[in-house]
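Questions regarding the structure given below will be posed in turn.
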Amino acid sequence: MIRIFSSENRLEVQQIKDLLESKQIDCFIKNEFAIGAVGELSPFDAWPEVWILDSEWEPKARAFIDAFLKENEEKRQQGDWVCPHCHEVNDAHFEICWSCGCEMVFQA
Ligand SMILES: [Zn+2]
């Protein structure tokens, strides 16, 4: 097992997990519920993490994640947004996903 991704943005962590699962890469989230119950841990330690089960998949998983984050960043700069539910890209002036009808979620 290997940790492939970590972010304080829980939504992004969930998206990465969904992305990897859609690529048939077995993965799971650690620290999913740690935020808000941090205690003596530093905030960084409590960030949710995405782990993949088979470390042989790491290069592939990283490539998918890099592409995903890059695309997300570009969309964000254009004001477009990526649906957290179905990952469809929506124009900035839509507040509801054209594909699945779920509401826009602002991303940090
Ligand atoms: Zn959608």
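Under the condition of being under 25 Å from Asp26 (Cα atoms) and out of contact with any Asp or Glu (no Cβ under 8 Å at 6 or more places or on another chain), which residue from the range 74-90 is farthest from the ligand (Cβ to nearest atom)? Talk me through it step by step, then tell me what you get.
Restricting attention to the range 74-90, the residues satisfying the condition of being under 25 Å from Asp26 (Cα atoms) are 82-89.
In the following step, the residues that additionally are out of contact with any Asp or Glu (no Cβ under 8 Å at 6 or more places or on another chain) were identified as 83-86, 88.
Numbers: Cys83: 3, Pro84: 8, His85: 4, Cys86: 4, Glu88: 5 Å.
Per the criteria, the residue is Pro84.
Which members of the range 91-108 meet the condition of being open to solvent by 90 Å² or more (accessible area, probe 1.4 Å), in a loop (DSSP other than H, G, I, E, B) and within 10 Å of the ligand (Cβ to nearest atom)?
Residue satisfying the conditions is Trp98 alone.
Among the residues of the range 41-90, write down those that are open to solvent by 80 Å² or more (accessible area, probe 1.4 Å) and of a type in the set (A, V, I, L, M, F, W, C).
Across the range 41-90, the qualifying residues are Leu41, Phe44, Leu53, Trp57.
How about the range 18-31: which of its residues are closer than 15 Å to Asp66 by Cα and open to solvent by 40 Å² or more (accessible area, probe 1.4 Å)?
Across the range 18-31, the qualifying residues are Asp18, Lys23.
The values are calculated or read from the model by the stated rules, or taken from the named source; none is laboratory data. Just so it is clear, the model here is predicted, and its values are computed rather than measured. Quick reminder, even Gly has a Cβ in these numbers, built from the backbone with ideal geometry, and neighbours come from all protein chains shown. Calculation scope for accessible area: heavy atoms of the full protein, side chains included, ligands and nucleic acids excluded. Shrake-Rupley method; radii C 1.70, N 1.55, O 1.52, S 1.80 Å.
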